[in-house]
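The block underneath contains the structure these notes are about, expressed in structure tokens.
The values are calculated or read from the model by the stated rules, or taken from the named source; none is laboratory data. These figures come from a predicted structure and were not determined experimentally. Cβ atoms come from the backbone with ideal geometry, glycine included; neighbour counts cover every protein chain shown. SASA here: full protein model, heavy atoms, side chains in, ligands and nucleic acids out. Shrake-Rupley method; radii C 1.70, N 1.55, O 1.52, S 1.80 Å.
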Amino acid sequence: MSKTKTKSGSFLSRETKRNLIAYSFIAPNFIGFCVFTLIPIIFAFALAFMKWDGSNPIQWAGFSNCTRLTDDIFFKAALKNTIIYCLGTVPLTMIASLALAIVLNQKVKGRGIFRTLSFFPYVASLVAITSVWKMLFHPSKGPVNNILFNVFHVPQENLPQWFSGGLVLFSMILFSVWKY
């Protein structure tokens, strides 16, 4: 294709200029995606087949890393927790979102409170929300355990420890459902 001058005196056609303008709007986001997402994903995938401790030279390991995972108790625990977290978070978030959308689109008493509560996680910082949740579920001073003790008469020694033992994953699922 030869460069010919158009009537306006430019070497680029109008369509080429429009395409360049469109690409200039897309380029910053695409570059950020490549630098902060795509390249790290590719590097992590390549590292799965390497032996590297972070300071010594990288060595080829092949599939030995993958075969070692079948005996690794930490991997099994992480995989189990991830599956439980996903199976708990995704359906509950969908159900809660649908229920909240139905409530917010009807004329019910307290609709403004529901709107405020549903919008709060987006405007508050994650640190502040985490602090509030930690206070709500505090073992001895939190209102959740206080209600369990005073209203439902759960003995003090049987009150749940929300951030230890088997309830940690449940607490994280509740927090994620509320956040999203």
* Asked: Got a sec? Which helices (runs of 4 or more DSSP H) wholly within the range 33-115 have at least 3 residues that are under 30 Å from G166 (Cα atoms) and modelled with pLDDT under 95?
  -> 64-68, 73-104
* Asked: Inside the range 65-80, can you point out the residues that are of a type outside the set (F, W, Y), open to solvent by less than 90 Å² (accessible area, probe 1.4 Å) and within 23 Å of A46 (Cβ to Cβ)?
  -> N65, C66, T67, L69, T70, D72, A78, L79
* To do: Output the residues belonging to the range 155-164 that are assigned to a loop (DSSP other than H, G, I, E, B), open to solvent by 90 Å² or more (accessible area, probe 1.4 Å) and farther than 23 Å from K80 by Cβ.
  => none
* Asked: Can you find even one residue in the range 113-121 that is in contact (Cβ under 8 Å) with a residue 12 or more places away in the chain, hydrophobic (A, V, I, L, M, F, W, C) and closer than 23 Å to Y85 by Cβ?
  -> no
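Does R111 satisfy being farther than 22 Å from G88 by Cβ, of a type outside the set (A, V, I, L, M, F, W, C) and open to solvent by 80 Å² or more (accessible area, probe 1.4 Å)?
no
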* Structure fact -> L167 meets each of (1) hydrophobic (A, V, I, L, M, F, W, C); (2) open to solvent by 60 Å² or more (accessible area, probe 1.4 Å); (3) free of Cβ contacts under 8 Å to residues at least 12 places away in the same chain with one exception, condition (2)
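Between I84, I39, which is among the β-branched types (V, I, T) and either touching a Pro at 6+ places or on another chain (Cβ under 9 Å) or within 29 Å of I173 (Cα to Cα) (or both)?
I84
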* Structure fact -> When the range 116-154 is checked residue by residue, the ones that are open to solvent by 70 Å² or more (accessible area, probe 1.4 Å), on the phi < 0 side of the Ramachandran plot, not in a helix (DSSP H, G or I) and not basic (K, R) are S140, V151, F152
